[in-house]
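Have a look at the structure below, then the notes.
Coordinate-derived values only; no laboratory data. Everything numeric in this text was worked out from a predicted model, so none of it was measured. Note that each Cβ is placed from the backbone with ideal geometry, even for glycine, and that neighbours are counted across all protein chains shown.
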């Protein structure tokens with residue numbers, strides 16, 4: 001078995017993908033012609049987005065993300081966390097926690113995307 005993708009439920013798939021391209025530098029894999037589903041190239045595992053509307057139509061009860069009360073976070077590793085935070089904020093992310101060096105040596109910061117998703121920007125974990 002292989003981990004294929006993570007899907008985030010968002011209000012506007014096209015707008016969210018454009019934000020992730022600008023804020024984090026990912027490339028668009030595709031957006032379905034109906035605009036309710038799309039994916040980004042992020043490495044071995046794709047990051048995907050589905051509209052809240054589509055999930056409701058499919059009988060689900062999707063909840064909006066909240067960076068102040070998260071039930072999950074996504075994390076992107078980078079060698080330069082301060083620069084990544086600056087780029088994300090310039091693209092419209094909200095700073096949640098400024099870069100901080102952790103006791104185990106990793107530098108970690110948090111931003112919220114335009115949907116309220118908590119995004120960790122961090123250096124790779126030592127030994128990883």
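Once both labels are positioned 7 Å from their Cα atoms along Cα-to-Cβ, the gap between residue 61 and residue 102 label points is 3.3 nm. Prolate is the label for the stretch 5-57. Its Cα gyration tensor axes, ordered a ≥ b ≥ c, give a/c of at least 1.5 and a/b above b/c.
Here the spin labels are modelled as points 7 Å beyond Cα on the Cα-Cβ line, and at residue 15 and residue 80 they lie 3.0 nm apart. Here the label points at residue 94 and residue 6, each 7 Å from Cα along the C-beta direction, are separated by 2.0 nm in the simple model.
As a rough guide to protection, the peptides 113-120, 42-49 ranked by mean Cβ packing within 10 Å, highest first, stand as 113-120, 42-49. Helix 13-24 versus the longest principal axis of the chain: what angle, 0 to 90°, nearest 10, using Cα atoms? It is inclined by approximately 10 degrees. The orientation-averaged projected area of the convex hull spanned by the Cα atoms of the chain comes to 8.7 nm². When only C-alpha pairs under 8 Å and at least 6 residues apart count, what is the relative contact order of the chain, in percent? That works out to 23 percent.
Each peptide in 77-85, 102-110 gets a packing score, the mean of other Cβ atoms within 10 Å over its residues, and the list from highest to lowest is 77-85, 102-110.
For the chain, give me the percentage of DSSP beta bridges that are antiparallel, rounded to the nearest 5 percent. Given both bridge residues lie in the chain, the antiparallel proportion sits at roughly 65 percent.
The calculated P(r) of the stretch 74-122, using every Cα pair and 5 Å bins from 0, goes 5, 25, 35, 24, 8, 3, 0 in percent.
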